[in-house]
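No lab work stands behind these numbers, since they all come straight from the coordinates. Just so we're clear, the structure is a prediction, and the values are computed from it rather than from any experiment. Quick reminder, even Gly has a Cβ in these numbers, built from the backbone with ideal geometry, and neighbours come from all protein chains shown.
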Amino acid sequence: MGEILRLTPLLVEHRPPFGFEANLWDEIGERAIDLVEVLSEGSGDEEEIKSQASRLSETLRSLI
């Protein structure tokens, strides 16, 4: 968990990898930050965590 909290901001700041559209990369970053914020607060309820994780998963699924 500590690695996710530490590395997510670094990932979001980078340019999109080759082949990624900038707007999709931004959306992935926003979804990841939303999830990390809920997790780092430690106060997010299970439903909120599931909701944020699902939003990130749906965005990532579009890449497959």
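Would you please name the residue that is surrounded by the most Cβ atoms within 10 Å (Cβ to Cβ), looking only at residues in region 50-64 that are touching a helix residue (DSSP H, G or I) at 6+ places or on another chain (Cβ under 9 Å) and not polar (S, T, N, Q)?
Taking the candidates together, the pick is 56.
Return the residues of region 4-32 that are aliphatic (A, V, I, L, M) and either exposed (fewer than 10 other Cβ atoms within 10 Å of the Cβ) or touching a helix residue (DSSP H, G or I) at 6+ places or on another chain (Cβ under 6 Å) (or both); say none if nothing qualifies.
Correct list: 5, 10, 12, 22, 28, 32.
Please specify each residue of region 40-49 satisfying the condition of being more than 14 Å from residue 7 (Cα to Cα) and surrounded by 13 or more Cβ atoms within 10 Å (Cβ to Cβ).
If the condition is that a residue be more than 14 Å from residue 7 (Cα to Cα) and surrounded by 13 or more Cβ atoms within 10 Å (Cβ to Cβ), then 44, 48, 49 are the ones that fit.
Give me a count of the residues in region 14-51 that are in a helix (DSSP H, G or I), of a type outside the set (Phe, Trp, Tyr) and under 20 Å from residue 63 (Cα atoms).
Within region 14-51, the subset in a helix (DSSP H, G or I) is 22-41, 46-51.
Adding the requirement that they be of a type outside the set (Phe, Trp, Tyr) leaves 22-24, 26-41, 46-51.
Add one more test, that the residue is under 20 Å from residue 63 (Cα atoms), and what stays is 22-24, 26-35, 51.
Adding up the residues that qualify gives 14.
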